[in-house]
Amino acid sequence: METHVAWIDDVHVLTVIVNDSSLLLHTEEPPVIYWAAKEKYFLTKVKKLNADSTATIILLEELPIGENLVLLWGTVKVPVYPRAIVRTDWFDQHYANLNTTLGVDYADSATTFSIWAPTATSVKLQLDNRDFVLNRQNKGLWKIKIHGDWHGFTYDYKIIVNGQTTCLNDPYAKAMLANSEKSVIIDPAKTALPNFSKRNRPKLQNLQDAIIYELHVRDATNQEESGVVHRGKFLGLTETATTTKNGFSTALTYIKELGCTHVQLLPINDFARVDETNPNANYNWGYDPLYFQVPEGSYSVSPNDPVARIHECKKMIQAFHQQDIAVILDVVYNHVFIMEESPFEKLVPGYYFRYHSNGSLSNGTGVGNDFATERTMARKFILDTIDCWLNDYHVDGFRFDLMGAIDIETMNKIHDRCKEETVPIMLLGEGWDLSTALASEKKATSMHSNQLTGIKFFNDYFRDSLKGQLFYKHDTGYVNGQGRFIERLPHLISGTTLEEFGTPFVSEVNQTINYVECHDNHTLWDRLLLSNDQDSELTRKKMHQLASGITLLSQGIPFIHAGQEWFRTKQGDDNSYISGDQINQLDWRKREVENDNVEFIKTLIALRKKYDVFRLTSKQDIRRRLFILETPTPVFGFTLLGDNEDFAIYVNPTKTSYPLRLPSSARWRIMANNNFSNNTAQQEVKGEFISIDPYELVVLKKSREIK
């Protein structure tokens, strides 16, 4: 690195750093900047000399970016490089290049390579042990067309930025060698699958009908008891009719039987921390993104075969579609694994990441860097990546990790792109307000749901009201605190949108994702072991059933964590992102043992899918059809009035039985309850009086035809 350097920090501001301030003190002529390629000089004016061997210089003209510039100050020659200037609106206005296709454009006769590097002074393509010099185009674009058929060849770039030469992979790469060693050129025709197209997507026309099942590819089939051949792989989730040794369904067949409409897959794009050639040595959820348009190699049976990796990923998605299950991808557009090693930072240092006004790096995500989604070319990359997964992999939705660190405009542009598809695309995310260097009014948080009408938000108010505040492990909520927060229940079951029940969490009922458990933090079962350690195992299971049941019976979109339906445990680990298979893998033996509870959840899912009164789409409809029932506190009850049938739902979060008066005297059928030992499901209740047992949830239906 040079001992002297001058940084362009704004359109008219240059910061000069030398190793000896005396070099700058006794110069009579004002410093000038020399552009050798054009034999041009730029005049400047010294604003301030600092004691720390730095100086601030005012630029009287705009400087060209991506050129070799030298500051001449007396006898000192100082190289001039762009720094904070790349984070200005001026920079985006002059160099952002939206109307170009970046990455590799393959044809069997020639391949075109395009990369955006406006601050680079040289860009070379390294291909077939040769260097090819790219041509500089307008607005920071570098491009070259190489004749020949380059399918299967590896490539990378060698660039000079800020006087330093560095090699990097293409951030727009569609294929990689194992462990992200090299980008690979791929003929798209060679990755095509028969009968795999957008036309064969599940045809769910109203996203309010969705039931989401969160799943990690490796967790799903890694256990030997899954009966799967390709355990822990993309292909493991293509296998059908798999069972445990005792004949209980597993994997894809099990998920189909359960009845959920969508699987939400933890990140499946290329990520760090796992050796793709020896994946069993390490484990990762996948929130350490490396290359965003490439499937993860550790999930492939052939990680060094780029075509096979893409094929296997597509086969998994196709297999879900063939079972009429839509696929949501968990995507991480808020940060990268290690910023300094990222191709983004190597290409345009300082541009793709957020900084505070004092020049320090923003870290609202808590992982070392915040991706600057609001910058034009960062936003373009995200939109291009969304486009890739929609067009090449035909996915059905995206879940945005730490969405509150993404700006509103980017999220709305994603929604606009997704509206072009022929089926509704599910968009949901974590709308938490994070301390990232982005103005509060620009963040895609739940507080701004009225500006994000096409986006759904994880409802932490729903979660914490049922089981207790997330970060206080001994706190309790309605199901495990003897009815604590019963006053919130009308708000929860009506979609947390009606003003008469409390402050709306989101603007519309189609924006709430109701959940009590996800991959993060303790599973609900492990949480109950902490908050209710004095209760019996049976009581804790009943509490668990109440929480899952309320989730599935409330207005909004229900979200279930894989294994939640059989009391999934991670042995008390509340952050298992690298904790290994023994902690994270789905335990299919437990699925056998807890089959009664699995059947209970299946019944509730089937009920929700059959009767649209559980899936109302507007606040007006909810007000017309949902009514709170009078019950002895803290038992909670509500009724749903359908066109042809009425429902009454009751929940008792206590150890006491209570008498109940039904909404009317009639013949009521018990459609579901968690009293497995009494086997009362489908029994009829005549009249208007029943009792509810301790920790019971019961759903009753009255048919309008019955008098």
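The values are calculated or read from the model by the stated rules, or taken from the named source; none is laboratory data. Small disclaimer: the values here were computed from a predicted structure and weren't measured. In this analysis, Cβ positions are derived from the backbone assuming ideal geometry, glycine residues included, and neighbour counts consider all displayed protein chains. We work out accessible area using only protein heavy atoms, side chains counted, and drop any ligands, DNA or RNA first. Shrake-Rupley method; radii C 1.70, N 1.55, O 1.52, S 1.80 Å.
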- Qualifying position, being in contact with a Ser or Thr (Cβ under 6 Å, 6 or more places away or on another chain) and modelled with pLDDT of 95 or more, among Ile386, Ile414, Ile425, Ile406: Ile406
- Checked segment 69-111 for anything hydroxyl-bearing (Ser, Thr, Tyr) and in contact with a Ser or Thr (Cβ under 7 Å, 6 or more places away or on another chain); matches are Thr100, Thr101
- Item | Filter result (in a loop (DSSP other than H, G, I, E, B) and among the charged types (D, E, K, R)) within segment 254-280 | Arg273, Asp275, Glu276
- Query: Among the residues of segment 559-578, is any open to solvent by less than 10 Å² (accessible area, probe 1.4 Å), closer than 16 Å to Asn459 by Cβ and more than 22 Å from the chain's Cα centre (by Cα)?
  - Reply: no
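Suppose we filter segment 454-471 for residues that are under 18 Å from the mean Cα position of the chain (by Cα) and open to solvent by 20 Å² or more (accessible area, probe 1.4 Å); how many remain?
Of the residues in segment 454-471, 1 are under 18 Å from the mean Cα position of the chain (by Cα) and open to solvent by 20 Å² or more (accessible area, probe 1.4 Å).
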- Candidate set: segment 384-422, residues that are in a loop (DSSP other than H, G, I, E, B) and open to solvent by 10 Å² or more (accessible area, probe 1.4 Å); chosen: the one nearest to Ser362 (Cα to Cα): Leu402
- Message: I want to confirm something. Restricting to segment 439-453 and keeping residues that are in contact with a strand residue (DSSP E or B) (Cβ under 9 Å, 6 or more places away or on another chain) and outside any loop (DSSP other than H, G, I, E, B), which single residue is surrounded by the fewest Cβ atoms within 10 Å (Cβ to Cβ)?
- Response: Lys442
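Residue by residue, here is whether (1) touching a helix residue (DSSP H, G or I) at 6+ places or on another chain (Cβ under 7 Å); (2) in contact (Cβ under 8 Å) with a residue 12 or more places away in the chain; (3) assigned to a loop (DSSP other than H, G, I, E, B); (4) among the aliphatic types (A, V, I, L, M) holds:
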position: Ile144; (1), (2), (3), (4): no, yes, no, yes
position: Asp149; (1), (2), (3), (4): no, yes, yes, no
position: Asp156; (1), (2), (3), (4): no, yes, no, no
position: Ala173; (1), (2), (3), (4): no, yes, yes, yes
position: Ile186; (1), (2), (3), (4): yes, yes, yes, yes
position: Ala189; (1), (2), (3), (4): no, no, no, yes
position: Leu193; (1), (2), (3), (4): yes, yes, yes, yes
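Restricting attention to segment 245-269, which residues are β-branched (Val, Ile, Thr) and open to solvent by less than 10 Å² (accessible area, probe 1.4 Å)? Steps first, please.
First pass over segment 245-269, keeping only residues β-branched (Val, Ile, Thr): 250, 253, 255, 261, 263, 268.
Passing the criteria: Thr250, Ile255, Val263, Ile268.
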- Query: In segment 425-438, what residues are more than 22 Å from Tyr577 (Cα to Cα) and either part of a helix (DSSP H, G or I) or open to solvent by less than 40 Å² (accessible area, probe 1.4 Å) (or both)?
  - Reply: Ile425, Met426, Leu427, Thr436, Ala437, Leu438
- Message: If I ask for residues that are open to solvent by less than 30 Å² (accessible area, probe 1.4 Å), assigned to a helix (DSSP H, G or I) and without any contact (Cβ under 8 Å) to a residue 40 or more places away in the chain, which ones from segment 588-624 would you list?
- Response: Val613
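Please tell me if Ile160 is of a type in the set (A, V, I, L, M) and touching a Phe, Trp or Tyr at 6+ places or on another chain (Cβ under 7 Å). Spell out how you get there, then give the answer.
On the way: of a type in the set (A, V, I, L, M): yes; touching a Phe, Trp or Tyr at 6+ places or on another chain (Cβ under 7 Å): no.
Here the answer is no, as Ile160 does not meet what is asked.
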- Does segment 340-383 hold any residues that are hydrophobic (A, V, I, L, M, F, W, C), surrounded by fewer than 20 Cβ atoms within 10 Å (Cβ to Cβ) and under 19 Å from Ala439 (Cα atoms), and which are they? Leu361
- Message: Looking only at segment 29-53, filter to residues that are buried (at least 16 other Cβ atoms within 10 Å of the Cβ) and among the hydroxyl-bearing types (Ser, Thr, Tyr); which one of those is farthest from Trp73 (Cα to Cα)?
- Response: Ser53
- Output the residues belonging to segment 495-523 that are open to solvent by less than 10 Å² (accessible area, probe 1.4 Å), over 16 Å from Ile583 (Cβ atoms) and touching a His at 6+ places or on another chain (Cβ under 8 Å). Leu498, Tyr515
- Query: If Thr497 satisfies every condition in (1) part of a helix (DSSP H, G or I); (2) in contact (Cβ under 8 Å) with a residue 24 or more places away in the chain; (3) under 26 Å from the mean Cα position of the chain (by Cα) but one, which is the exception?
  - Reply: (1)
- Item | Residues of segment 323-339 classified as open to solvent by 10 Å² or more (accessible area, probe 1.4 Å) and either among the β-branched types (Val, Ile, Thr) or farther than 21 Å from Phe271 by Cβ (or both), total | 3
- Message: For segment 315-332, give me each residue that is among the aliphatic types (A, V, I, L, M) and out of contact with any Gly (no Cβ under 6 Å at 6 or more places or on another chain).
- Response: Met316, Ile317, Ala319, Ile325, Ala326, Val327, Leu329, Val331, Val332
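Listed here are the residues, each with its yes/no results for (1) within 23 Å of Glu537 (Cα to Cα); (2) part of a loop (DSSP other than H, G, I, E, B); (3) open to solvent by 10 Å² or more (accessible area, probe 1.4 Å); (4) among the charged types (D, E, K, R).
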position: Thr631; (1), (2), (3), (4): no, yes, yes, no
position: Thr654; (1), (2), (3), (4): yes, yes, no, no
position: Leu662; (1), (2), (3), (4): no, no, no, no
position: Phe689; (1), (2), (3), (4): no, no, yes, no
position: Val699; (1), (2), (3), (4): no, no, no, no
- Message: Among the residues of segment 91-107, are any farther than 30 Å from Pro343 by Cα, crowded, with 18+ Cβ neighbours inside 10 Å and touching a residue at least 24 places away in the same chain (Cβ under 8 Å)?
- Response: no
- Query: For segment 505-542, how many residues meet the condition of being hydrophobic (A, V, I, L, M, F, W, C), part of a helix (DSSP H, G or I) and closer than 30 Å to Ser449 by Cβ?
  - Reply: 2
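Condition first: free of Cβ contacts under 8 Å to residues at least 24 places away in the same chain and surrounded by fewer than 20 Cβ atoms within 10 Å (Cβ to Cβ). Now tell me which residues in segment 210-230 satisfy that.
Step one: of segment 210-230, the residues free of Cβ contacts under 8 Å to residues at least 24 places away in the same chain are 224, 228-229.
The answer is Glu224, Val229.
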- Item | Which listed residue is more than 24 Å from the chain's Cα centre (by Cα) and either at pLDDT 95 or above or small (Gly, Ala, Ser) (or both), from Asn222, Asn278, Asn282 | Asn278
- Matching residues, segment 281-310, being surrounded by fewer than 21 Cβ atoms within 10 Å (Cβ to Cβ) and in a helix (DSSP H, G or I): Ala281, Val307, Ala308
